[in-house]
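Remarks on the structure that follows.
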Amino acid sequence: MHMTDLIEKKKQGRTLTQEELHFIVQGYTAGDIPDYQMSALMMAICFRGMTPEETAQLTMEMEHSGDVVDLSPLGEHTADKHSTGGVGDKTSLVLCPMVAACGGKMAKMSGRGLGHTGGTIDKLESFPGFSTAMTPEKFLETAENVGFVIAGQTANLAPADKKMYALRDVTATVDCIPLIVSSIMAKKLASGARTVVLDVKTGSGAFMETEEAAFELARQMVSVGKHAGRNMAAVVTDMDQPLGFAVGNALEVKEAISVLRGADVPDLRELCLVLGTNILVRSGLAETEAEARARLEKSIESGAALDKLAAMVRAQGGDPAAVYDTSLLPQAPVVHTVRAPRDGYIAAMEARDIGLVSMHLGGGRATKEDVIDLSVGVVLAAKDGAYLRAGDALAAIHAKTEADAAAAEEELLKCYTFSDKAPVRPPFIRGVVT
Ligand code: URA
């Protein structure tokens, strides 16, 4: 087999066979196929697309390009959740303890933040002493005993994706649905959970800016997961504004804890209930959606989910006292209130740019090597659709210095559009694909 022939075949819009995809993924991972040929092939895929079977086969080849985690010792109810990334997305910190309190086993591998989006691992490191580095034995043991564990991604999980993603980043081939589907799903399948729920974001802060593209991505990921024998669901949700009110690592941990204590942060709470309902029903832990939702709500009311978070923090070396007393989490020295510049409705917020405000305060990375400040960020006082009078609180900036806060205020005010008319907002949850 020759790579040139396979590039030519895809250039003509023909379908690659499983043997050919195997040759490509194995050859590229081993270094036998050079970057320039892989780039040409991926560009051809961007223009010509892939059939559903072809995408599924590519995904499974990428899944098996490295280690595959065996979660079978944990039984049938293993579950995982993936979000396509957004601003203020602290869903895992709320969802995992709720599902664990209902009998699920969430054995998750997560990443660090880059650019305008945060990463779950950075957020969790707000707990003094917390570590996501552990042996495979400890990973399984924590998932078994606590019901959830969050580790860093192992080095050899879907190595084909690692190389392909780095290449896509510099060859303008990131925004191609079959390549996104295979990239995300190869890692999810290799992570081993029987049930996978996906949160596909749409809007200004999301990877998929249009709703149509988000649904297409959701449908294709669900289809690939089912093809691989997993229980699947995808929820398409709004990312035109940040999720919840807090953006910034420790600030998001505090907000997640507040929801586990029963605070009404409507979009965040609802998202966790919908994702959790899908996990419980699809993994066979609940018979109906109503039963699943009631059990998840009870896990908050009873304090069981909050206790699960504390148990996980303790198991991973962190100080669980901070779960019950959030003043023990990192606090920024300066808290500055930003006020509404005029009367009116908040008609739009640029989620991505609000994520960048937090990043510029020191809460996010521009490059993988950057060291971040866990205490800084932004806490919104009002969201899209709210009516404010000039001088009302719009947001609180948590910063290292007064000068940083002043710069962030200027940047933050540019993220808002005000209007005299109440905006019409589509629902937060746009739909569920099963
Ligand atoms: N996230 C991934 O892991 N892969 C993509 O292709 C896009 C987003």
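The values are calculated or read from the model by the stated rules, or taken from the named source; none is laboratory data. Just so we're clear, the structure is a prediction, and the values are computed from it rather than from any experiment. Don't worry about glycine lacking a Cβ; one is built from the backbone with ideal geometry, like all the others, and counts go over all protein chains shown.
What to note about this one:
- Residues of the stretch 369-416 classified as among the β-branched types (Val, Ile, Thr), at pLDDT 95 or above and farther than 15 Å from Ala246 by Cα, total: 1
- Selection of the stretch 321-342 for residues being surrounded by fewer than 17 Cβ atoms within 10 Å (Cβ to Cβ) and of a type outside the set (Val, Ile, Thr) yields Ala321, Tyr324, Asp325, Ser327, Leu328, Gln331, Pro333, His336, Arg339, Pro341, Arg342.
- Among the residues listed as Asp392, Asp420, the single one being exposed (fewer than 15 other Cβ atoms within 10 Å of the Cβ), in contact with a strand residue (DSSP E or B) (Cβ under 9 Å, 6 or more places away or on another chain) and within 19 Å of Val335 (Cα to Cα): Asp392
- Hey, Leu189 part of a helix (DSSP H, G or I), among the hydrophobic types (A, V, I, L, M, F, W, C), within 15 Å of the ligand (Cβ to nearest atom) and within 18 Å of Ser283 (Cβ to Cβ) or not: yes
- Residue in the stretch 65-82 that is free of Cβ contacts under 8 Å to residues at least 40 places away in the same chain and under 28 Å from Ser358 (Cβ atoms) present: no
- Pair list, Cβ < 6 Å and 6+ apart or interchain, from the stretch 166-177 residues that are without any contact (Cβ under 8 Å) to a residue 40 or more places away in the chain to residues that are surrounded by 13 or more Cβ atoms within 10 Å (Cβ to Cβ): Val174/Arg168
- Listed by position, the helices (runs of 4 or more DSSP H) enclosed by the stretch 247-363 that each have at least 1 residues that are over 22 Å from the mean Cα position of the chain (by Cα) are 289-301, 304-315, 321-324.
- The residues in the stretch 187-222 that are among the basic types (Lys, Arg) and surrounded by fewer than 24 Cβ atoms within 10 Å (Cβ to Cβ) can be counted, and the count is 3.
- Condition broken by Gly152, with the remaining ones in (1) of a type in the set (Gly, Ala, Ser); (2) away from the ligand (no atom under 14 Å from the Cβ); (3) closer than 19 Å to Gly431 by Cα satisfied: (3)
- Selection within the stretch 160-175 - more than 8 Å from the ligand (Cβ to nearest atom) and either touching a Phe, Trp or Tyr at 6+ places or on another chain (Cβ under 8 Å) or not basic (Lys, Arg) (or both): Ala160, Lys163, Met164, Ala166, Leu167, Asp169, Val170, Thr171, Ala172, Thr173, Asp175
- In the stretch 59-82 there is no residue that is away from the ligand (no atom under 16 Å from the Cβ), basic (Lys, Arg) and either more than 23 Å from Ala158 (Cα to Cα) or not in a loop (DSSP other than H, G, I, E, B) (or both).
- Criterion (away from the ligand (no atom under 13 Å from the Cβ), surrounded by fewer than 18 Cβ atoms within 10 Å (Cβ to Cβ) and not aliphatic (A, V, I, L, M)) met by exactly one of Pro266, Pro242: Pro266
- Selection from the stretch 85-120 of residues that are modelled with pLDDT under 90 and either more than 23 Å from Pro73 (Cα to Cα) or more than 15 Å from the ligand (Cβ to nearest atom) (or both): Gly85, Gly86, Gly111, Arg112, Gly113, Leu114, Gly115, His116, Thr117, Gly118, Gly119
- Tally, over the stretch 206-246, of residues that are of a type outside the set (Lys, Arg), in a loop (DSSP other than H, G, I, E, B) and either within 14 Å of the chain's Cα centre (by Cα) or modelled with pLDDT of 95 or more (or both): 9
- Any chance Asp199 is more than 14 Å from Cys46 (Cβ to Cβ) and of a type in the set (D, E, K, R): yes
- Residues that are in a loop (DSSP other than H, G, I, E, B) and at pLDDT 95 or above were ranked within the stretch 192-205; the one that is farthest from the ligand (Cβ to nearest atom) is Arg194.
- Selection within the stretch 92-147 - among the hydroxyl-bearing types (Ser, Thr, Tyr) and either under 21 Å from Glu255 (Cα atoms) or not in a helix (DSSP H, G or I) (or both): Ser92, Ser110, Thr117, Thr120, Ser126, Ser131, Thr132, Thr135
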